[in-house]
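First comes the structure, then the notes that go with it.
The values are calculated or read from the model by the stated rules, or taken from the named source; none is laboratory data. This structure is a prediction, so every number in the text was calculated from the model and none was measured. Glycine also receives a Cβ, built like all others from the backbone with ideal geometry; neighbour counts cover every protein chain displayed. Protein only, heavy atoms only, side chains kept; ligands, DNA and RNA dropped before computing areas. Shrake-Rupley method; radii C 1.70, N 1.55, O 1.52, S 1.80 Å.
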Amino acid sequence: GVAALIAYQRGNSTYFPDRVVPMLPKALSNGWCSLNPREDRPCMAVQLWIDAKGKLLRHKFLRGLMRSAARLTYEEVQAARDGQSGGAHDEILAEILPALYGAYAALLEARHERGTLELDLPERKIRLAEDGSVAAIETRIRLDSHKLIEEFMIAANVAAAKELERLRQAWLWARRI
């Protein structure tokens, strides 16, 4: 309904140095669409089967109900990966990071084998003064934890494209009958 129309008109969320203009209405973006720890959220999930060389073997999309265990920053994940523990979420990270980074390493290897163009351009961060003026423009450090999430997002998008292509072919085939 209305939320879909607003999202369609905006196309994406816009991030300013001091605020965010969400694509979705605030009631959704700060409510049902936010991943608050220990709260159930309906979701569409994809299971990805990736071999040791980073090849996507198969995928399966399903509807689910997820419960986020913790809200983690990229910096927290990177610190845990680098062995700088001491955070509140060390137990969760110790359990999931080895498998995540193993899959990431395989996906990265496949990317290099394909000869994919990799643009690792610096991202800028604008720091504002109290009066709202620009105090500084700084280079944001790009962590491996950023790259890990980006790689999984790409893998999920590839799986979604393959699934949409499969469904379209099935639909076209069914129309011929």
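A few points about this structure:
- Accessible area per residue was computed with a 1.4 Å probe on protein heavy atoms; D120 scores about 80 Å².
- Computed from backbone phi with θ = phi - 60° and the Karplus coefficients 6.51, -1.76 and 1.60, the 3J(HN,Hα) list for the range 71-84 is 9, 10, 9, 4, 5, 5, 5, 5, 4, 5, 5, 7, x, 9 Hz; x is used for glycine and proline.
- Cβ-derived FRET efficiency at R0 22 Å, I96 paired with Q47, nearest 0.05: 0.90
- Ligands, DNA and RNA aside, V77 has an accessible area near 20 Å² when probed at 1.4 Å.
- Ignoring aspartates and glutamates fewer than eight residues from K60 along the same chain, the ones with Cα atoms less than 12 angstrom from its Cα are E163.
- Accessible area per residue in Å² at 1.4 Å probe, computed on the range 4-154: 74
- Ordering G11, T139, S68 by the projection of their Cα atoms onto the charge dipole of the chain, which places +1 on the Cβ of Lys and Arg and -1 on the Cβ of Asp and Glu, puts G11 at the extreme positive end.
- Only protein atoms count toward the accessible area here, which uses a 1.4 Å probe; on the chain, the carbon and sulfur part of that area reaches 56 percent.
- Cα-based shape type of the range 18-121, given that a ≥ b ≥ c are square roots of the gyration tensor eigenvalues and the cut on a/c is 1.5: prolate
- Cα gyration tensor, the chain - rounded (a/c under 1.5), prolate or oblate: oblate
- Taking all protein chains together and a 1.4 Å probe, the residues Y104, Y74 rank Y74, Y104 from largest to smallest accessible area.
- Listed by chain and number, the aspartates and glutamates placed with their C-alpha closer than 20 angstrom to that of K53 are E109, E113, E118, D144, E150, E151; residues fewer than eight positions away on the same chain are left out.
- Summing Cβ point charges (Lys, Arg +1; Asp, Glu -1) relative to the Cα centre of the range 23-177 gives a dipole of roughly 1120 debye.
- Fraction of the pair-distance distribution of the range 6-45 above 11 Å, Cα-Cα pairs, percent: 69
- P(r), alpha carbons of the range 74-174 - 5 Å bins starting at zero, rounded %: 2, 10, 13, 15, 14, 13, 12, 9, 6, 3, 2, 1, 0
- Fluctuation leader among L128, L93, L143 - the chain, Gaussian network, Cα springs under 10 angstrom: L128
- Global geometry of the range 102-141, whether rounded, prolate or oblate, following the gyration tensor of its Cα atoms and the 1.5 cut on a/c: prolate
- Close amide H pairs (under 5 Å, H built 1.01 Å from N) link L128 with A135, residues at least 5 positions away or on another chain.
- In sequence order, calculated HN-Hα J values of the range 37-54 (Karplus, 6.51, -1.76, 1.60; Hz; x Gly/Pro): x, 6, 10, 5, 9, x, 8, 10, 10, 10, 9, 10, 9, 10, 7, 5, 9, x
- Build a GNM of the chain with springs between Cα atoms under 10 Å apart, and of G83, G64, G132 the one that fluctuates most is G132.
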